[in-house]
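> One structure is given below, represented as structure tokens, and several questions about it will come after.
Nothing in this text is a laboratory measurement; each read-out follows from the coordinates by a stated rule. In this text, all values refer to a predicted model and were calculated from it rather than measured experimentally. A quick note on method: Cβ atoms are made from the backbone with ideal geometry, for glycine too, and the neighbour counts reach across all protein chains shown.
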Amino acid sequence: MTRSLSITVDPIAEPALVSGRTLSPGMGAAVSFAGVVRGLEGSDPITALEYSCFVPMAEHQFHLLFDRLAERGTVESVRLVHRIGRVAVGEASLWVEVVSPHRAEAFQACQWLIDEMKRVVPIWKKPLRD
Amino acid sequence: MTIRVTFWSYFADLAGCAETSVTLPERATVGLLLESLYRSHPALADLRRSTLIAVGVEYQDADHVLADGDSVSLFPPVQGG
């Protein structure tokens with residue numbers, strides 16, 4: 001399984017990521033997900049989220065999750081970009097892509113990866129209202 | 001031995017600092033470190049049930065035995081995505 005991870009302050013360039021996709025002939029599913037900053041935190045309007053991250057640990061924990069995905073033997077590639085720093089409302093903070101032979105395992109793997117990220121990867125967010 | 005402790009996210013605000021150092025006896029556990037930290041930074045003690053602990057880049061629990069020079073991180077539940 002190939003893997004790509006980026007934790008960056010730069011905006012997530014989704015079109016460039018999609019155009020950079022590679023699939024081998026046996027692959028029939030490419031599931032991607034973009035997490036976008038909502039304009040409401042609960043019922044209160046916000047202008048942005050400020051993401052902070054313990055980067056070395058976050059990278060390590062992401063790769064542990066990728067290792068577990070690889071053990072399934074059904075995922076050809078995973079790419080994940082998590083933006084940190086200030087991310088304005090409407091901008092993507094997360095982009096994930098999973099490539100697999102069939103859609104069910106690609107959807108499930110993408111969902112699992114995001115769920116696990118929210119459990120173990122040390123990233124935090126603070127709402128901004130300026 | 002000396003253990004460096006880093007507080008992440010709003011734990012740094014509660015602790016009043018982002019980093020501190022704690023001197024402990026040899027082979028002290030994470031639990032002993034936490035007892036010391038909760039005495040010196042009592043605002044953190046209220047959140048002990050939701051506190052996550054890492055030594056280096058690995059999660060550890062209170063029974064983990066520390067070594068001189070270890071870096072320990074304390075932080076609230078994570079919120080990526």
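> Just in the range A:31-72: which trypsin sites (Lys or Arg not before Pro) are loop by DSSP and have at most 16 other Cβ atoms within 10 Å?
A:Arg38
> Over what distance in Å are the Cα centres of the range A:80-130 and the range B:1-35 separated?
Cα centres, the range A:80-130 to the range B:1-35: 30 Å.
> Still on this model: What whole-number volume per residue, in cubic angstrom, does the convex hull of the C-alpha atoms of chain A give?
Details: hull volume 13.2 nm³, N = 130.
In chain A, the Cα convex hull volume per residue is 102 Å³.
> Right, another one. Given a Förster radius of 22 Å and the C-beta distance between B:Arg4 and A:Arg68 as r, what FRET efficiency does 1/(1 + (r/R0)^6) yield to the nearest 0.05?
0.15
> In nm, what is the difference between 0.36 nm times the number of residues separating B:Tyr38 and B:Ala62 and their Cα-Cα distance?
On the way: separation 24, 0.36 × 24 = 8.64 nm, distance 1.35 nm.
Result: 7.3 nm gained on full extension.
> How far is the Cα center of the range A:1-47 from the Cα center of the range A:56-71, in Å?
17 Å
> Compute the length gained on full extension between A:Asp10 and A:Leu23: take 0.36 nm times their separation in residues and subtract their Cα-Cα distance, giving the result in nm to one decimal.
In short, 2.1 nm is gained.
> Using only atoms on other chains, find how many Cβ atoms lie within 10 Å of each Cβ of peptide A:116-127 and report the average. Please list the in-between numbers first.
Details: counts 0, 3, 5, 3, 4, 4, 13, 6, 10, 5, 3, 0.
Mean shielding by partner chains, rounded to a whole number: 5.
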